[in-house]
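Student: Sharing a structure here in structure tokens format.
The values are calculated or read from the model by the stated rules, or taken from the named source; none is laboratory data. Being a predicted model, the structure only gives us computed values, none of them experimental. A quick note on method: Cβ atoms are made from the backbone with ideal geometry, for glycine too, and the neighbour counts reach across all protein chains shown.
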Amino acid sequence: MRRPACRGTAALVAGTLALAGVIARPTTDLGAVRTASAVTAAGSAASSSSGSASGSHGQPATAGSTPGLNAGSASGSHGQPATAGSTSGLNAGSASGSHGGRPAAAGVGSSSTPTEGPLQLAGTSGASTNWSGYAATGATFTAAKATWRQPPADCSALAQGEVTLAGFWVGLDGYSSATVEQIGTQTDCEGPTPVYYAWFELFPQRLRLLSAASHPLHAGDLIHAEVTQNRLRLQDVTAGWTELTPFSSATLSFSSAEWVAESPSGSLTDFGSISLTSATASTTAAAGQQIDSGSWALHKIDLSGGTAASATAATGAITDGPSGSAFQVRWQHG
């Protein structure tokens, strides 16, 4: 997903902002990803998922599944190049830009185009045109984790052809660096129809959708997400699958960790609210700490475009428990 964009600062087209309290990273065009032709369930590759034998409402991985990121052509492949032994449940895009992922639904092709801009933070609190949640900086991070229930989409007010997006993820980097490693889920509306799917991104490669056949996702599913310095992990406990995606870390800085609800396009799905729980971060100095542990700088981010028509979402206060931190993000305006 894209780097936070700041309220009251000129928009930036793909690229990296120099830092002086104003921070950004290049954008991934999620609208373009979602309008590309999707691979149907029958043609999707089996994933590296460890699905349960019964596959509660999904299709478990089958014997003979092909491991490895299935790279596309030079102009169309996306995602971090797979290393030896890597696994993924994706089909790569072709030269025309198609992506592995959920089957196309009504309304695909009418997505709004995401915008991009910088984030300007003041102290530990700031406003963004696309992020809400928390980001940690000031250490070398080795992992970020969180758990959530996939929020339902209220699409009742949308007409055919209207599209809204909302993404929920954890990640490393991307706050003050030109790379990002993140994995999460999506609650979208395509007209009056809710759509749910999972994805990951290893920026500057483009976002990759996970196959709906091997990675089914529904409102209410229990999700665990984790990003480390060499692996992305997403588990749908309800559906019984786990996605593991290794990547190379040779050129990455691991200078930040994030727990985010995002509006990738400026048209935010009404998801009501989401509670991110068991949120922790690890650094080279200590493992599994609550995100407000005081071991780093913590930035609270609210989604606010600065106009009455802008998408807005409010980030709540953190509460701590034995398994980590928890906070809520509440939708306010699409």
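Student: Inside segment 254-273, can you point out the residues that are in contact with a strand residue (DSSP E or B) (Cβ under 8 Å, 6 or more places away or on another chain), more than 12 Å from Phe168 (Cα to Cα) and surrounded by fewer than 24 Cβ atoms within 10 Å (Cβ to Cβ)?
Tutor: Residues satisfying the conditions are Phe254, Ser255, Ser267, Asp270, Gly272.
Student: Can you tell me which of Leu207, Leu202, Leu172 is within 26 Å of His299 (Cβ to Cβ), touching a helix residue (DSSP H, G or I) at 6+ places or on another chain (Cβ under 7 Å) and hydrophobic (A, V, I, L, M, F, W, C)? Quick ask: steps written out before the conclusion?
Tutor: Details: Leu202 fails: touching a helix residue (DSSP H, G or I) at 6+ places or on another chain (Cβ under 7 Å); Leu172 fails: touching a helix residue (DSSP H, G or I) at 6+ places or on another chain (Cβ under 7 Å).
Of Leu207, Leu202, Leu172, the one residue that is within 26 Å of His299 (Cβ to Cβ), touching a helix residue (DSSP H, G or I) at 6+ places or on another chain (Cβ under 7 Å) and hydrophobic (A, V, I, L, M, F, W, C) is Leu207.
Student: Go through the residues of segment 318-328 one by one and say whether even a single one is modelled with pLDDT of 95 or more, under 13 Å from Tyr134 (Cβ atoms) and either assigned to a loop (DSSP other than H, G, I, E, B) or among the β-branched types (Val, Ile, Thr) (or both).
Tutor: Within segment 318-328 (the criterion being modelled with pLDDT of 95 or more, under 13 Å from Tyr134 (Cβ atoms) and either assigned to a loop (DSSP other than H, G, I, E, B) or among the β-branched types (Val, Ile, Thr) (or both)), the answer is yes, since at least one residue qualifies.
The rows are residues; the columns are (1) part of a strand (DSSP E or B); (2) in contact (Cβ under 8 Å) with a residue 60 or more places away in the chain.
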{"residue": "Gln160", "(1), (2)": "no, no"}
{"residue": "Trp169", "(1), (2)": "yes, yes"}
{"residue": "Glu181", "(1), (2)": "yes, yes"}
{"residue": "Ala213", "(1), (2)": "no, yes"}
{"residue": "Ile223", "(1), (2)": "yes, yes"}
{"residue": "Gln235", "(1), (2)": "yes, no"}
{"residue": "Leu244", "(1), (2)": "yes, yes"}
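Student: Another question about this same structure. Give segment 254-291 a look and list any residue that's within 16 Å of Thr142 (Cα to Cα), in contact with a Leu (Cβ under 9 Å, 6 or more places away or on another chain) and either in a loop (DSSP other than H, G, I, E, B) or aromatic (Phe, Trp, Tyr) (or both), or say none.
Tutor: Phe254, Ser255, Trp259, Ile291
Student: Assuming Arg208 fulfils every condition listed in (1) crowded, with 21+ Cβ neighbours inside 10 Å; (2) under 22 Å from Ala279 (Cβ atoms) apart from one, which condition is it?
Tutor: Unmet condition: (2).
Student: If I filter segment 203-226 for residues that are under 13 Å from the mean Cα position of the chain (by Cα) and over 22 Å from Phe247 (Cα atoms), do I get at least one hit?
Tutor: no
Student: Let me ask something additional. Identify all residues within segment 305-317 that are at pLDDT below 95, surrounded by fewer than 20 Cβ atoms within 10 Å (Cβ to Cβ) and in contact with a strand residue (DSSP E or B) (Cβ under 6 Å, 6 or more places away or on another chain); write none if there are none.
Tutor: Hit for segment 305-317 is Ala314, nothing else.
Student: Going by what's in this entry, would Ser156 be described as among the small types (Gly, Ala, Ser), surrounded by fewer than 24 Cβ atoms within 10 Å (Cβ to Cβ) and in contact with a strand residue (DSSP E or B) (Cβ under 8 Å, 6 or more places away or on another chain)? Working first, answer last.
Tutor: Numbers: among the small types (Gly, Ala, Ser): yes; surrounded by fewer than 24 Cβ atoms within 10 Å (Cβ to Cβ): yes; in contact with a strand residue (DSSP E or B) (Cβ under 8 Å, 6 or more places away or on another chain): no.
No; evaluated as a whole, the condition is false for this residue.
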